[in-house]
Amino acid sequence: MTDSHEAYRRQDKELIEQFRESGDLDVLGRLYERYMHLVYGVCLKYLKDREESRDATMQIFEVLMDKIPRQAISDFKAWLYVLTKNHCLMLLRSKKSQHEKHKKLYEEQTFFMESGYEMHHDNEPDLESNIELLKKCIEQLKSEQQECVKLFYLSEKPYREIADSLGIALKTVKSHIQNGKRNLKNCMENHG
């Protein structure tokens, strides 16, 4: 290790101890300022968006306020890199999860809109009869389609979880859901 790197590590440890003792955000700011460009670079590498990376860089400062007093840190720079990387991965997972929820919601809305039935409180008897018809149509699906459709739409299970629980391939699950949805639409149109 070079002398300058060792000097930085010593200074980091001193600033960490000062912050732990005083809770002074200026001290934490001095420590963080030394590595902000590195944090931003890691965020940009994972998030691939300048604005999101700037936001994440600020969020990580807030995370430090909470984590530094509670964690043993021997090499702040390495620790901060791992913390930043994990924070970015968590943001990406959250974004992916939200995207999948929105996509699923859109598909469900499209399915019900395509079926041509108005679902409004003014038509409550129609709504009830539509629900009964939907239940009957679900019961008429092939057992594999029925199981996948129920798990996906009613139990809100993701494709992977359905595949694992039923012991079938992911493509098969998607196929059963797609075919089941088409069969439900046909059934409801023919009996509606």
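Restricting the trypsin sites (Lys or Arg not before Pro) of the range 28-94 to loop positions (DSSP other than H, G, I, E, B) with no more than 14 neighbouring Cβ atoms within 10 Å leaves K48. Residues with beta-carbon under 12 Å from that of D49, excluding D49: net charge, scoring Lys, Arg +1 and Asp, Glu -1? Around D49, the surrounding residues sum to +2.
As a size descriptor, the averaged projected area of the C-alpha convex hull of the range 3-95 was calculated at 5.9 nm².
Backbone geometry of the range 43-60 corresponds, through the Karplus equation with coefficients 6.51, -1.76 and 1.60 at θ = phi - 60°, to 3J(HN,Hα) couplings of 4, 5, 4, 8, 8, 6, 8, 4, 5, 4, 5, 5, 4, 5, 4, 6, 4, 5 Hz, x marking Gly and Pro. Pairs of Cα atoms nearer than 8 Å and 6+ residues apart set the relative contact order; for the range 3-95 it is 32 percent.
In this structure, the residue pairs whose Cα-Cα separation is over 31 Å, taken from K95/K150; K67/K157; K95/K181, are K67/K157. The string of couplings for the range 32-39 from the Karplus curve (6.51, -1.76, 1.60, θ = phi - 60°) is 5, 4, 5, 10, 4, 5, 5, 4 Hz, one whole number per residue in order, with x for Gly and Pro.
Note on M90, M36, M188: ascending count of other Cβ atoms within 10 Å places them as M90, M36, M188, the fewest first.
Since every read-out is calculated from the coordinates, none of them should be taken as a lab result. Since this is a predicted model, take the numbers as computed values, not measurements. Reconstructed Cβ throughout: ideal geometry from the backbone, glycine too, with neighbour counts over all protein chains shown.
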